[in-house]
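This report refers to the structure that appears directly beneath it.
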Amino acid sequence: MKDNLFIENLKQSTGMRVFLFLIILMVSSLIGVAVSALFMFAGDTGLKIGQGISSVFLFVVPPIVYYFITRKAYPMRDLGFRRLASPWWLLLAGVALMFVSLPVTVQLNTWNQGMKLGGFFESIETWMKTLEETAAAATEKMLNVDTVGGLIINLFIIALIPAIGEELTFRGVLQQSLTHKMNPHVAIILSAALFSFIHFQFYGFLPRMFLGVLLGYMFYITGSLWTSILMHFVNNGTAVVLYYLNNKGTINIDVDRFGATDNVWLLFASALLTSGLIAWSWWKAKR
């Protein structure tokens, strides 16, 4: 009886649910760090295994455990694993959105990379640059593969696991919880900001937040996590494949600048098509 009362309180109190989720997140993250540390001296393969384990315990395990505790009936459906509440081909609209928005994303990254604080914030700026360089070095090391086996492993660790885990956490738990309490547009933007902040790569904050907004809107429009997971996977997977092709010598491009343009009109067209595609998807879903 007391257990049932506790569960009912969790369902009713937003504060208690957030507190419980943070506790689960912290415990799971510590377990992930401890387990992944076992592979840190196993070379590049160990680095990738450790990264995969850490991602699973940080983003996949907490939302699932949280929903199994707070939702008795259909925890996976409540997380967002539902059939699309709109035409299935809006999945394709979400994928198209990833490529249509590329010029805007790269331009936001350019502006973000040029950020300078200085003065009173100089020490904070140094700390942020150190975090950025460390993360960039680790990512570069993981992406430095030229075999099909290495490509498949990277697609699994860098594209698939984060796509599932981060969408579970930031769209499945956070965005849905906020949407129950506030305007959905505000909930989507706040979730996207936290999604970007949690990566602790502040020189990529704006483009990552922009990506979070796109994922958030398409999840809200279609009512299914499958949409945002597919979009997230395509976004990460495209970078993995391009790095692989670069390493093979098949192509020779700056992957970080893929989709960039100096043409103001093309940039404007990208922004217009991006917002138009979201508005059109919303309209089709409402119909």
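The values are calculated or read from the model by the stated rules, or taken from the named source; none is laboratory data. Quantities reported herein were computed from a predicted structural model and do not represent experimental measurements. FYI the Cβ positions are ideal-geometry reconstructions off the backbone, even for glycines, and counts take in every protein chain you see. To get the accessible areas, we keep the full protein, side chains included, count just its heavy atoms, and leave off ligands, DNA and RNA. Shrake-Rupley method; radii C 1.70, N 1.55, O 1.52, S 1.80 Å.
The table below lists the values:
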| item | result |
| --- | --- |
| Filter result for Phe99 (buried (at least 18 other Cβ atoms within 10 Å of the Cβ) and of a type in the set (Phe, Trp, Tyr)) | no |
| Residue count for the stretch 241-265, restricted to those that are modelled with pLDDT under 95 and under 29 Å from Pro87 (Cβ atoms) | 1 |
| Residue identified as open to solvent by less than 80 Å² (accessible area, probe 1.4 Å) and at pLDDT below 85 among Arg71, Arg82, Arg77 | Arg71 |
| One residue from Glu166, Glu125 being in contact (Cβ under 8 Å) with a residue 12 or more places away in the chain and among the acidic types (Asp, Glu) | Glu166 |
| Whichever residue in the stretch 240-268 is without any contact (Cβ under 8 Å) to a residue 40 or more places away in the chain and among the aliphatic types (A, V, I, L, M) and, among such residues, is most open to solvent (accessible area, probe 1.4 Å) | Val264 |
| The stretch 204-220 residues that are open to solvent by less than 40 Å² (accessible area, probe 1.4 Å), paired with ones that are not in a helix (DSSP H, G or I) and not polar (S, T, N, Q) (beta carbon under 9 Å, 6 or more apart) | Phe219/Gly80 |
| Filter pass, Met128 being under 22 Å from Val106 (Cβ atoms) and modelled with pLDDT of 85 or more | no |
| The one condition in (1) more than 21 Å from Leu214 (Cβ to Cβ); (2) crowded, with 18+ Cβ neighbours inside 10 Å that Thr126 fails to fulfil | (2) |
| Unique match (being over 19 Å from the mean Cα position of the chain (by Cα), modelled with pLDDT of 90 or more, surrounded by 13 or more Cβ atoms within 10 Å (Cβ to Cβ) and not acidic (Asp, Glu)) among Gly94, Gly172, Gly150 | Gly150 |
| Unmet requirement for Phe81, which otherwise passes all of (1) assigned to a helix (DSSP H, G or I); (2) touching a helix residue (DSSP H, G or I) at 6+ places or on another chain (Cβ under 6 Å) | (1) |
